[in-house]
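The values are calculated or read from the model by the stated rules, or taken from the named source; none is laboratory data. Since this is a predicted model, take the numbers as computed values, not measurements. Cβ coordinates were reconstructed from backbone atoms using ideal geometry, including for glycine residues, and neighbour counts include every protein chain displayed. Protein only, heavy atoms only, side chains kept; ligands, DNA and RNA dropped before computing areas. Shrake-Rupley method; radii C 1.70, N 1.55, O 1.52, S 1.80 Å.
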Amino acid sequence: MAKLVILGGGVSGHTTATFAAKWLGSEHEVIVVTPNSQWNWIPSNIWVGVGQMKKEEVTFDLAPVYKKAGITFIQAKATEIHPEGSVTVEKGFVTVESTAADSAGEVTTVEYDYLVNATGPKLNFGATEGLGIGSELGEHTVSVCTAGHAVHAAEKFAEAIEKMRAGTRQRILIGTGHGTCTCQGAAFEYIFNIEHELNKAGVRDMADVKWISNESFLGDFGMGGLHMKSMGFTVSSKVFAESLFTERGVPWIIGAHVNKVESGKIHYELLDGSMGEEEFDFAMLIPPFTGVDLKAIAKDGSDISDTMFAPNKFMKVDAKYGVAKYEDWKASDWPATYQSAAYKNIFAPGIAFAPPHPISKPMKSPNGTVITPAPPRTGMPAGIIGKAVAHSVCDMITKGVDAPLHRISMADMGAACVASTGKGVFNGTAAAMTVYPVIPDFDKYPGTGRDTEYTFGEIGLAGHWIKHILHHMFIYKAKLKPGWTLIPE
């Protein structure tokens, strides 16, 4: 019996675990180690954060789902990977610290034959002074990165609305809280849901809503922007985004590295090297991401973290690292199997793998400050990659360690995104977009880097209904309801 251990129960980890359990059956053991007792459909945290959904609508308990699937569930956070075992343990193993209420803090080990690191990101609030400490959100701003954060954000937003109703004008600032942030799309959704709710509450005229982002232009989204078909024309995401911001009356600050957050005020540096300040009454700033605090230890007890992980703590996989110049970057630099560069029985799907470089053109201020979005690896790509990794591991278990690995590079992958710009049965809107491929390939598609026949976007009520339907479909799928495998990643 082979033992497959998956670290993390998010989109990629949950996908890997559930498909592996289905394909391997009871002949092999699948174990999920994750610090959270609940699964969270993170895209819908946006609606929780404006009070349009409850936390219970975007989360569910993992234990009963895994029990039904025959998956062993361990509520704990992994702290160390011992890929070579130790002087007393022959197999590879992970050291884990329990986060369960009845055993919190207890340290144990879990042996494995195959390991999937799907730990996702550490929310690095501490990278910006005043934004938070370590992975903990600070007191000055709100967040929608977790369901709990989103509940807190909704409460603070409701307080702001009441102040406006009482005649006190409110300054609202939404965007990224550091020069290297990713997930601009989440902040994009949140600012337009905020603006939508202000209109519904009848207080839009009492709010000054402003966007701040590390993107060098609106519509970059950490993907270097894109050209897409929209309303019969081929337009850039820059024009698409600028049109929406202008239509909604939302001014913007771009190319910004937020370097300090105080009560009611942020300080930032722009790409031209100038410094600025912005005051606020309500602010939601996405933090930068790093890999989680996970060490790698050799058989002799020495620290080999630098071998397994990049400096940002994400795991090195089958990517081409070290290509320094933007002009030399290729789509082929990106990984296809997500197998560890050091150990054949370890994989890292989703956010956990180290990208070879950003997708957006790298930018620095004259002061040497990096102000470049990190590449997104969430949502649809995370699920697709998680399923491919499950295929690879299952084949290695059932067909032999040298079985061909399944390949799914983001440079050959299309992705769909439905970005909410306001929730409502009859007045909701969303921007529905597809992009192919995710990583631009300028050799294959000169000029744009992407196939404009398969890269398109529209905004409207239909998009909102698609977003709403997808919310229910993906939670249904994640709960392993009948026919769950028929719903695509």
TODO: For the chain, give the percent of accessible area contributed by carbon and sulfur heavy atoms, probe 1.4 Å, rounded to a whole number.
DONE: 54 percent
Open item on the list: Given a Förster distance of 25 Å, report the FRET efficiency between Glu139 and Val107 from their Cβ-Cβ distance, rounded to the nearest 0.05.
Closed with: 0.20
Open item on the list: On a straight-distance basis, which aspartates and glutamates could pair with Lys265 in a cross-link, Cα separation under 16 angstrom, same-chain partners fewer than 8 positions away excluded?
Closed with: Glu129, Glu139, Asp208, Glu277, Glu278, Glu279, Asp281
- [ ] Along Cα→Cβ, 7 Å out, is where each label goes; now give me the distance between the ones at Asp205 and Lys444 in nm to one decimal.
- [x] 5.3 nm
TODO: Mind putting a number on the dipole of the range 198-240 about its Cα centre? Charges go on the C-beta only, +1 for Lys and Arg and -1 for Asp and Glu, and I need it in Debye to the nearest 20.
DONE: 160 debye
Open item on the list: I'd like the distance separating the alpha-carbon centroids of the range 221-247 and the range 112-168, in whole Å.
Closed with: 28 Å
Open item on the list: When a/c reaches 1.5 or more, the comparison of a/b and b/c decides; with that in mind, is the range 395-489 rounded, prolate or oblate per its Cα gyration tensor?
Closed with: oblate
- [ ] Report, in whole Å, the centroid distance computed from the Cα atoms of the range 76-110 and the range 335-352.
- [x] 20 Å
Open item on the list: Ignoring everything except DSSP H segments at least 4 long, calculate the 222 nm mean residue ellipticity for the chain; use -39,500 (n - 2.57) per segment, divide by total residues, nearest 500.
Closed with: -7500 deg cm²/dmol
Task: Beta bridge orientation in the chain: antiparallel %, DSSP, nearest 5 - done: 60 percent
TODO: Step through the table entries Lys238/Lys325; Lys210/Lys387; Lys423/Lys481; Lys200/Lys229, compare each Cα-Cα distance with 29 Å, and write down the pairs that go over it.
DONE: Lys210/Lys387; Lys200/Lys229
Open item on the list: Please compute the per residue accessible area over the chain with all protein chains in place, 1.4 Å probe, rounded to a whole number of Å².
Closed with: 41 Å²
Task: Whole-number percent relative contact order across the chain, with pairs defined as alpha carbons under 8 Å at least 6 apart - done: 16 percent
Task: Packing-based order for 254-267, 232-245, 273-286, using average beta carbon neighbours within 10 Å, highest first - done: 254-267, 273-286, 232-245
Open item on the list: Between 0 and 90 degrees, rounded to the nearest ten: what's the tilt of helix 147-165 against the longest Cα principal axis of the chain?
Closed with: 10 degrees
Task: Inter-site label distance for Ala324 and Ala158 at 7 Å from Cα along Cβ, in nm - done: 5.5 nm
Task: Burial order of peptide ranges 470-483, 207-220 (average beta-carbon count within 10 Å, highest first) - done: 207-220, 470-483
TODO: Could you sort 179-186, 306-313, 396-403, 136-143 so that the peptide with the highest average Cβ count within 10 Å comes first and the rest follow in order?
DONE: 179-186, 136-143, 306-313, 396-403
